[in-house]
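A short reminder: the numbers here are calculations on the coordinates, not readings from a lab. Worth saying up front: this structure is predicted, and the values here are computed from it rather than measured. Cβ: placed from backbone, ideal geometry, glycine included. Neighbour counts: every protein chain shown.
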């Protein structure tokens, strides 16, 4: 096990007893009188992953001293919302692989994936009412709305080779980082923290989520298909101008820019090997990693505003170790 895996494992170990409780809530609330609903939902939830969003909520609760059972319910809620977005995402993107396994839409078909995604959204909203907190409901309602806007924004940006770094960040802060941000804020709300601490937690979540997605986009060009559990170049095939491509176009020659522009506009991966070489040779991968590093540092700075304990320390480790992700 690498030092990175070791450190991340230690963070996950800290909230492991809490996550067992969350898993119980998830299993109970996935039950439905319609067998296909449970089958599809269980299939995608059991597909793996570190469940960073519930982990984030639990770490924030730990750092701020909240021990009530509502943290298990809301951790399950954020996982359900995330799972619903994955089900819908994979249909929109026509993805066939996720974490090395066939996607739910590949296994069960698009209609089942979309409808079960709807079920998971609505079940999440049923559960968040249990918290009996207007602030909790507002945070999650706002988050799901922003995520949906981010999805539409990304759709509008498909095959747009003129997308700049600000436009890219706007999409990922909406589509990916918003649920990280909400997860961390929820921990502070449950703990009854001040507005400034709630905002610090939200800043931590947003910065961590942004760094997470930026590194994800690096790995599309720096990893390999078996490590990533997804097809290398998927983003390019969908015409997504991710940060490595945006920076490569800024840093490259006119000929290199033209190659990248054509690939984004057509969604062709015929020259994928050339594109990977351009992204690496222009220094775009290093520049993208630097962008992720500055977001990770922003997360660390925000976490340092919380009380000094093992949970805050784990939040700092999570942000710094993110940069060493290989999968």
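Between the helical axis of 134-157 and the dominant principal axis of the chain, each derived from Cα atoms, what acute angle in degrees is found, rounded to the nearest 10? With both axes taken from Cα atoms, the answer is about 10 degrees. Taking the fewest neighbouring Cβ atoms within 10 Å as the starting point, the ordered list for 315, 249 is 249, 315.
What angle do you read, to the nearest 10 degrees and between 0 and 90, between the alpha-carbon axis of helix 310-321 and the longest principal axis of the chain? Its long axis makes an angle of about 10 degrees.
What's the FRET efficiency of residue 42 with residue 262 using the Cβ-Cβ distance as r and R₀ = 45 Å, to the nearest 0.05?
On the way: r = 42 Å, r/R0 = 0.94.
With R0 = 45 Å, the Cβ-Cβ based efficiency is 0.60.
Let me know the shape class of the stretch 1-86, please: from the alpha-carbon gyration tensor, a ≥ b ≥ c as square roots of the eigenvalues, rounded when a/c is under 1.5, otherwise prolate if a/b is greater than b/c, or oblate. Provide the component values of the computation, followed by the final result.
Values: a/c = 2.47, a/b = 1.44, b/c = 1.71.
Taking the square roots of the gyration eigenvalues as a ≥ b ≥ c, the stretch 1-86 is oblate.
Protection proxy ranking, highest mean first, for peptides 177-190, 235-248: 177-190, 235-248, where packing is the per-residue count of other beta-carbon atoms within 10 Å, averaged.
Taking the Cα centre of each part, how many Å lie between the stretch 228-307 and the stretch 88-162? Comparing the Cα centres of the stretch 228-307 and the stretch 88-162, I get a distance of 24 Å. To the nearest 0.05, how large is the calculated FRET efficiency for residue 166 and residue 273 if R₀ is 25 Å and r is the Cβ-Cβ distance? E between residue 166 and residue 273, to the nearest 0.05, is 0.25.
Mean residue ellipticity, 222 nm, helices only, the chain: the sum of -39500 (n - 2.57) across DSSP H runs of n ≥ 4, divided by residue count and rounded to 500, is -24000 deg cm²/dmol. Overall form of the stretch 69-186: oblate. Here a/c, set by the Cα gyration tensor axes a ≥ b ≥ c, is 1.5 or more, and a/b is not larger than b/c. Helix 284-303 versus the longest principal axis of the chain: what angle, 0 to 90°, nearest 10, using Cα atoms? With both axes taken from Cα atoms, the answer is about 20 degrees.
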